[in-house]
1. Going by the structure shown, is residue 47 of a type in the set (A, V, I, L, M) and either surrounded by fewer than 11 Cβ atoms within 10 Å (Cβ to Cβ) or assigned to a loop (DSSP other than H, G, I, E, B) (or both)?
2. Can you name every residue in the range 50-73 that is part of a helix (DSSP H, G or I) and in contact (Cβ under 8 Å) with a residue 40 or more places away in the chain?
3. Considering only the range 11-33, how many residues are polar (S, T, N, Q) and at pLDDT 90 or above?
4. Give the range 18-36 a look and list any residue that's part of a loop (DSSP other than H, G, I, E, B), within 30 Å of the chain's Cα centre (by Cα) and within 11 Å of the ligand (Cβ to nearest atom), or say none.
5. Residue 50 versus (1) within 16 Å of the ligand (Cβ to nearest atom); (2) touching a Phe, Trp or Tyr at 6+ places or on another chain (Cβ under 9 Å): which is the lone unmet condition?
6. Looking at 30, 21, 12, 42 in this structure, which one is without any contact (Cβ under 8 Å) to a residue 40 or more places away in the chain and either surrounded by 12 or more Cβ atoms within 10 Å (Cβ to Cβ) or β-branched (Val, Ile, Thr) (or both)?
7. Report the residue count in the range 79-96 for those that are touching a Phe, Trp or Tyr at 6+ places or on another chain (Cβ under 9 Å), surrounded by 12 or more Cβ atoms within 10 Å (Cβ to Cβ) and either in a loop (DSSP other than H, G, I, E, B) or in contact (Cβ under 8 Å) with a residue 40 or more places away in the chain (or both).
Amino acid sequence: MKNCLECEKTINGRSDKKFCNDSCRNSFNNRQNTASNIYVRNVNTLLRKNRKILQNLLPKSGKTSISEKTLKVLGFNFEYFTHVYETKNGNTYKFCYEFGYLNIDKGVLMLVKKS
Ligand SMILES: [Zn+2]
């Protein structure tokens with residue numbers, strides 16, 4: 001027994017059906033494309049892009065330093081990060097998932113991977 005993803009009524013017929021009819025399918029798909037869902041998707045895309053850029057720049061082991069400008073050229077968006085980590089001595093790392101950066105000098109960043 002399966003239920004329609006839209007109206008939650010029991011679906012009759014093939015077991016791979018997700019909706020009871022086209023109307024339910026359309027309502028469901030329209031809701032997936034509402035403005036707030038699109039916003040969330042866009043932010044996720046930006047965060048994943050930022051993560052990928054950091055990942056590609058970071059050597060397998062350890063840290064590296066890089067200019068803010070280089071990151072910008074590669075398409076890094078400094079407004080988006082997943083979390084902030086502040087060390088005991090007051091350094092503030094910004095992370096995009098497991099990859100992060102710290103401002104070590106004017107326009108210079110150190111990239112790190114969360115261990
Ligand atoms: Zn339905």
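The values are calculated or read from the model by the stated rules, or taken from the named source; none is laboratory data. Just so you know, these numbers come straight off a predicted model, no measurement behind them. Because the Cβ atoms are built from the backbone with ideal geometry, glycine has one as well, and the counts that use them run over all protein chains shown.
1. Working: of a type in the set (A, V, I, L, M): yes; either surrounded by fewer than 11 Cβ atoms within 10 Å (Cβ to Cβ) or assigned to a loop (DSSP other than H, G, I, E, B) (or both): no.
No.
2. Step one: of the range 50-73, the residues part of a helix (DSSP H, G or I) are 50-57, 68-73.
Once the filter is applied, which keeps residues that are part of a helix (DSSP H, G or I) and in contact (Cβ under 8 Å) with a residue 40 or more places away in the chain, the range 50-73 yields 50, 51, 54, 55, 57, 68.
3. Here is the first cut: in the range 11-33, the residues polar (S, T, N, Q) are 12, 15, 21, 23, 26-27, 29-30, 32-33.
Filter again for at pLDDT 90 or above, leaving 21, 23, 26-27, 29-30.
Summing the residues that are polar (S, T, N, Q) and at pLDDT 90 or above in the range 11-33 gives 6.
4. Initial filter on the range 18-36 (part of a loop (DSSP other than H, G, I, E, B)): 18-21, 33-34.
Next, from what is left, pick out any that are within 30 Å of the chain's Cα centre (by Cα): 18-19, 33-34.
Listed by number, the residues that qualify are 18, 19.
5. The failed condition is (1).
6. Numbers: 30 fails: either surrounded by 12 or more Cβ atoms within 10 Å (Cβ to Cβ) or β-branched (Val, Ile, Thr) (or both); 12 fails: either surrounded by 12 or more Cβ atoms within 10 Å (Cβ to Cβ) or β-branched (Val, Ile, Thr) (or both); 42 fails: either surrounded by 12 or more Cβ atoms within 10 Å (Cβ to Cβ) or β-branched (Val, Ile, Thr) (or both).
The unique qualifying residue is 21.
7. Selection size over the range 79-96: 4.
Listed here are the residues, each with its yes/no results for (1) basic (Lys, Arg); (2) closer than 19 Å to residue 55 by Cβ; (3) modelled with pLDDT under 95; (4) touching a strand residue (DSSP E or B) at 6+ places or on another chain (Cβ under 9 Å).
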| residue | (1), (2), (3), (4) |
| --- | --- |
| 80 | no, yes, no, yes |
| 83 | no, yes, no, yes |
| 86 | no, no, no, yes |
| 91 | no, no, no, yes |
| 111 | no, yes, no, yes |
| 114 | yes, yes, yes, yes |
